[in-house]
Structure formats: structure tokens, C-alpha cells
Amino acid sequence: MKLLQDLKVQISLSIPPDHLKLGIPPRELDRAMLSTCMAVVRAGAIVVYGGDLRPDGFTFKIFRHLARAYANTGSVPFVHAINHVSLSNMGFDVLSSALKERRGTCQTFLCVEGNMRAVSLNDDYIVVSDTEANIELDAASFPDWVAGLEHLEPSQKEITRARTTIAGYVDATIAIGGKMGLLANQEDGYSGNMPGILEESFLTLEIGKPFIPLAAYGGATRDLAIKLELLETESWIPRGAQAENYNAALETALSYRDRIPTDIAPKLATLANDDRTEIVARETVKIIRAWLDGKQLRLED
């Protein structure tokens, strides 16, 4: 049996605003994600992602590339979760077009009402799985169905609930990059009370599941690794003014330090400072397995 057979591994990532300061070009970020996803899938796991999957985005391109590689297996080892906030902004045409575009690339789930519900496209209908009977929605019925879903206000609470649901659904989380709320960079804004990478990491650790911060690529993941004492404080990268709730969220990280098994922490520290993508990807799989098994392991030199 493969190391991560039938497990679900969340990839929490976004382009970090400080990657160039670390000498990491965009192509290396693509390569890091591709290598990590490939290693996880080869180990038998399903990759779960809750972020943006625009057809022209680098995440979707990588998923599509990997889907082709595994087309002959009879299944697509990728799950994309759409939360209520994103769903309510989509509309029928946008969602149906997205479902059509990603056929054969990933499975799509709606993370609504605290549950993961599979969604697919069938001719002119969007089909949502339900415990009793599947729900068929057309362009006319879709808006009312979405409006009738239980949801939390303000939207930050609903985003947190969706992240909590996904954390319970997956078996482990891998973090790469992450928004930092730099005020001078409009593209570095984030939704919710904190960047997704921070909240998803905290939720994963809170329930005792493996969390792997690939911190060499920068972003919130690097800051988090420093706060978790996996990297030295000298690893901190200078930056400008940030969103107020970023540093407030980051300060809570140390309270999760004891959630990392003592025999795993040194391995995470080694990995957090390594940007050799293929080695990092391979060792990530081994650490997840060891964390789940409670076994010790030795990283390659």
C-alpha cells in the first residue's frame, strides 16, 4: 500500500509577496507546487484545495497538468472546495461554466452549512449531492437555492466555518507562501479575520492533524514557521505596513507549538529551510506518514 493511500491532503497556498526578496522566481513557486502535488498524489492521496481555481490561474493549470498524467487511473485525485461566500458571488452561469471547464481536472465540492457536498454538471442542470436525493438546479432555481442556504454573517464567520469544515475533512495540510496583508500591495489582501494559510494551519493543528509549512518560499508560511520556532528569528524578511489583524493572528501561533510532536519538530525545522523542491516534496510525504503513525523518521541529508 502507498504511504498516503486514500488520505486527503489540503494544499494551502498563494503567491507570497516577498518571494523575490528570497530569490525565489515565480517559476520556482510553480515548480514547488507541482512537485508537492505530484508527490502527494503518487503516494496515493487526494489533493484538496479551497482557493481560487480560475482557468487562467497557475493553480488550475497545474491541476490540469497533473490530471492528464493520471487520466488512465479512472479517477481524478483533486478536490476543489467552494465556500458559501464564493458560491453566492458566482451565479449559475459562472458555476456551470467552471464545472464544464474543470471536467476531468478535479472534483468540485460545495462547502456549505458545515458540510462538503459534491456538485457536478448534467446537461443544463447543476446537480448537488444530498443525503436524501440529489438536487437538480437550473438557472431559475439556482439563486433561490443559494439564498436559502444557512450561512453566517458577517462573511468572515462563514469563511472561518468553511475552513473549519475542510480541516475536519482532510487528513493533513501543507502550506506554501501565503498573503501577508501588505498595505502597499493591493494584490496582497485577504478574506476573513486572517490569511487563509494562518487560519487553516491553526485549525489543522488544533485537531491534532499533520501540518507541513514549506517556509523557504516566503509569505505567511515563513512567518508562521518562525513563530512556531521552526526557523530562527533572523529568517524574518523586512516588509512595510501590514493589515492590523495579520500580526494579531500571528502572535497566537506559539500557542500551537505543543501540537507538533517532539520527534517531528526537528524534521519540520529542516524542511522549513529547504527549497530543493523534489526533496522537499518527497520528505513532506514521509513526515505526514510518520506524524500519523507516531513513528520517528530520518530526513535525507
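The set of residues in segment 249-273 being farther than 18 Å from LYS209 by Cα and among the small types (Gly, Ala, Ser) consists of ALA249 alone. Inside segment 133-179, residues that are assigned to a helix (DSSP H, G or I) and either of a type in the set (Asp, Glu) or touching a Leu at 6+ places or on another chain (Cβ under 7 Å) (or both) make up a count of 8.
Got at least one residue in segment 278-286 being outside any loop (DSSP other than H, G, I, E, B) and either in contact with a Cys (Cβ under 9 Å, 6 or more places away or on another chain) or under 26 Å from TYR190 (Cα atoms) (or both)? Checking segment 278-286: at least one residue is outside any loop (DSSP other than H, G, I, E, B) and either in contact with a Cys (Cβ under 9 Å, 6 or more places away or on another chain) or under 26 Å from TYR190 (Cα atoms) (or both). When VAL79 is tested against (1) modelled with pLDDT of 90 or more; (2) among the aliphatic types (A, V, I, L, M); (3) surrounded by fewer than 19 Cβ atoms within 10 Å (Cβ to Cβ), only condition (3) is not met. Restricting attention to segment 6-18, the residues that are at pLDDT 90 or above and under 30 Å from LEU292 (Cβ atoms) total 8. Evaluated against (1) under 17 Å from the mean Cα position of the chain (by Cα); (2) surrounded by fewer than 17 Cβ atoms within 10 Å (Cβ to Cβ), PHE109 falls short on exactly one condition, (2). If you go through segment 114-128 one residue at a time, do you hit one that is touching a strand residue (DSSP E or B) at 6+ places or on another chain (Cβ under 8 Å) and within 30 Å of GLU283 (Cβ to Cβ)? There is at least one residue in segment 114-128 that is touching a strand residue (DSSP E or B) at 6+ places or on another chain (Cβ under 8 Å) and within 30 Å of GLU283 (Cβ to Cβ). On inspection, SER201 fails the criterion of being more than 17 Å from LEU230 (Cα to Cα) and small (Gly, Ala, Ser). ALA269 meets all of the listed conditions (1) more than 19 Å from the chain's Cα centre (by Cα); (2) modelled with pLDDT of 95 or more; (3) within 30 Å of GLN186 (Cα to Cα) but one, namely (3). When LEU254, LEU205, LEU224 are checked against the criterion of being more than 16 Å from the chain's Cα centre (by Cα) and not β-branched (Val, Ile, Thr), LEU254 stands alone in meeting it.
Being more than 30 Å from SER35 (Cβ to Cβ) and at pLDDT 95 or above holds for only one residue in VAL128, VAL170, and it is VAL128. Looking only at residues in segment 188-209 that are among the acidic types (Asp, Glu) and touching a residue at least 60 places away in the same chain (Cβ under 8 Å), the one that is surrounded by the fewest Cβ atoms within 10 Å (Cβ to Cβ) is ASP188. The set of residues in segment 118-133 being within 28 Å of the chain's Cα centre (by Cα) and crowded, with 16+ Cβ neighbours inside 10 Å consists of VAL119, LEU121, ILE126, VAL127, VAL128.
Among the residues of segment 28-45, not a single one is under 27 Å from LEU183 (Cβ atoms), surrounded by fewer than 20 Cβ atoms within 10 Å (Cβ to Cβ) and either in contact with a Ser or Thr (Cβ under 6 Å, 6 or more places away or on another chain) or of a type outside the set (D, E, K, R) (or both).
Selection of segment 262-294 for residues being acidic (Asp, Glu) and under 25 Å from ARG31 (Cα atoms) yields ASP274, ASP275, GLU278, GLU283. Only residues in segment 21-43 that are outside any helix (DSSP H, G or I) count as the first member; pair them with residues that are aromatic (Phe, Trp, Tyr), Cβ under 9 angstrom, at least 6 apart or cross-chain, and list the lot. From segment 21-43, the pairs are LEU22/TYR217; ILE24/TYR217. Consider ARG102 carefully, then state whether it is buried (at least 20 other Cβ atoms within 10 Å of the Cβ), more than 22 Å from VAL285 (Cα to Cα) and among the basic types (Lys, Arg). Spelling it out, ARG102 is indeed buried (at least 20 other Cβ atoms within 10 Å of the Cβ), more than 22 Å from VAL285 (Cα to Cα) and among the basic types (Lys, Arg).
The values are calculated or read from the model by the stated rules, or taken from the named source; none is laboratory data. Fair warning: this is a prediction, and the values are worked out from it, not measured in the lab. A quick note on method: Cβ atoms are made from the backbone with ideal geometry, for glycine too, and the neighbour counts reach across all protein chains shown.
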